[in-house]
Structures are given as structure tokens and as C-alpha cells.
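The values are calculated or read from the model by the stated rules, or taken from the named source; none is laboratory data. These numbers come from a predicted model, not from an experiment. So basically every Cβ, Gly included, is an ideal-geometry build from the backbone, and we count neighbours across all protein chains shown. For accessibility, only protein heavy atoms count, side chains too; no ligands or nucleic acids. Shrake-Rupley method; radii C 1.70, N 1.55, O 1.52, S 1.80 Å.
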Amino acid sequence: MSEGLWMDEQLRWIVELLDGAGIAYWADSGTLLGLVREGKLLEHDRDIDIGVWEHDIAKLSGLTQFFRESNCRIRATKYRGRLYKLKLVPRDESLRKIDIYIAP
């Protein structure tokens with residue numbers, strides 16, 4: 001699938017950040033469904049779902065200041081003491097939220 005067919009600007013932004021930080025990632029949940037089924041992000045889906053490995057948390061933490069400087073609030077979710085998800089919430093409500101799921 002050609003990159004230009006499915007990349008919107010927010011997805012391109014997070015992918016470039018993760019690539020630059022050397023973080024392995026994958027499309028997950030509704031984002032994966034849209035890319036596979038329709039070749040693009042689902043129009044009605046209001047978030048972008050990305051998965052990363054737990055061993056890359058330190059690299060991901062290194063991006064938090066950049067996320068904040070990019071006008072995103074960061075919400076961390078833990079389950080049984082383990083970081084499970086980071087949610088990037090853009091201050092511009094017309095943009096999609098970005099959910100970064102952390103897999104063990």
C-alpha cells in the first residue's frame with residue numbers, strides 16, 4: 001500500500017517522531033482496521049491507535065517534552081502498576097487524539 005494513500009498529517013507526525021526516536025511501532029485497533037479495510041484512516045474514528053513495546057518506554061518518555069511543546073496534553077493510564085497507555089490530547093479539538101498502547 002502506498003504511504004501517500006493512507007497517511008494523514010497527524011499519523012505522519014507521530015510515525016516520524018517514533019521513527020526518529022528508534023521506537024518500533026504498529027497501527028492498532030481502529031487505525032489498523034481503517035488502513036487494512038479502506039486504505040485510510042476511518043473518517044468517524046476520532047483517535048489514532050499505535051502500539052509500542054514496553055522495552056521502548058524510556059525512548060517514548062524522551063518524547064514527552066516534545067509532545068507538550070506540540071500543544072498536546074499527556075494522560076498516562078496504568079493497570080496494576082504497569083504503564084498501559086499514553087493518550088496524547090491535542091489542544092486543538094479538531095485534531096484526533098493519539099492513543100499509544102504499551103505491550104509487554
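A compact table of results
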{"read-out": "Failed item, numbered, when Arg91 is tested on (1) more than 14 Å from the chain's Cα centre (by Cα); (2) open to solvent by less than 80 Å² (accessible area, probe 1.4 Å)", "value": "(2)"}
{"read-out": "Candidate set from the stretch 34-56 (those that are modelled with pLDDT under 95 and in contact with a strand residue (DSSP E or B) (Cβ under 9 Å, 6 or more places away or on another chain)); member that is farthest from Glu93 (Cα to Cα)", "value": "Val36"}
{"read-out": "Which listed residue, of Leu41, Leu35, Leu83, is hydrophobic (A, V, I, L, M, F, W, C) and open to solvent by 30 Å² or more (accessible area, probe 1.4 Å)", "value": "Leu83"}
{"read-out": "Subset tally (residues that are in a strand (DSSP E or B), of a type in the set (A, V, I, L, M) and within 23 Å of His44 (Cα to Cα)) for the stretch 70-102", "value": "6"}
{"read-out": "Test for Val52: is it part of a strand (DSSP E or B), farther than 13 Å from Ala103 by Cα, of a type in the set (A, V, I, L, M, F, W, C) and open to solvent by less than 40 Å² (accessible area, probe 1.4 Å)", "value": "no"}
{"read-out": "Count of the stretch 37-49 residues which are in a loop (DSSP other than H, G, I, E, B) and of a type in the set (A, V, I, L, M, F, W, C)", "value": "2"}
{"read-out": "Extreme residue, surrounded by the fewest Cβ atoms within 10 Å (Cβ to Cβ), among residues of the stretch 21-32 that are touching a Leu at 6+ places or on another chain (Cβ under 9 Å) and outside any strand (DSSP E or B)", "value": "Ala24"}
{"read-out": "Every residue from the stretch 67-94 that is within 16 Å of Gln10 (Cβ to Cβ) and of a type in the set (Val, Ile, Thr)", "value": "Ile74, Val89"}
{"read-out": "The stretch 1-20, residues that are open to solvent by less than 50 Å² (accessible area, probe 1.4 Å) and either at pLDDT 95 or above or not in a loop (DSSP other than H, G, I, E, B) (or both)", "value": "Gln10, Leu11, Ile14, Val15, Leu17, Leu18"}
{"read-out": "Restricting the stretch 36-57 to residues that are under 13 Å from the mean Cα position of the chain (by Cα) and of a type in the set (Asp, Glu), the residue that is farthest from Thr77 (Cα to Cα)", "value": "Asp47"}
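Residues are listed down the side, and each one gets a yes or a no for (1) over 15 Å from the mean Cα position of the chain (by Cα); (2) in contact (Cβ under 8 Å) with a residue 24 or more places away in the chain; (3) open to solvent by 90 Å² or more (accessible area, probe 1.4 Å):
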site: Thr64; (1), (2), (3): no, no, no
site: Arg68; (1), (2), (3): no, no, yes
site: Asp99; (1), (2), (3): no, yes, no
site: Ile102; (1), (2), (3): no, yes, no
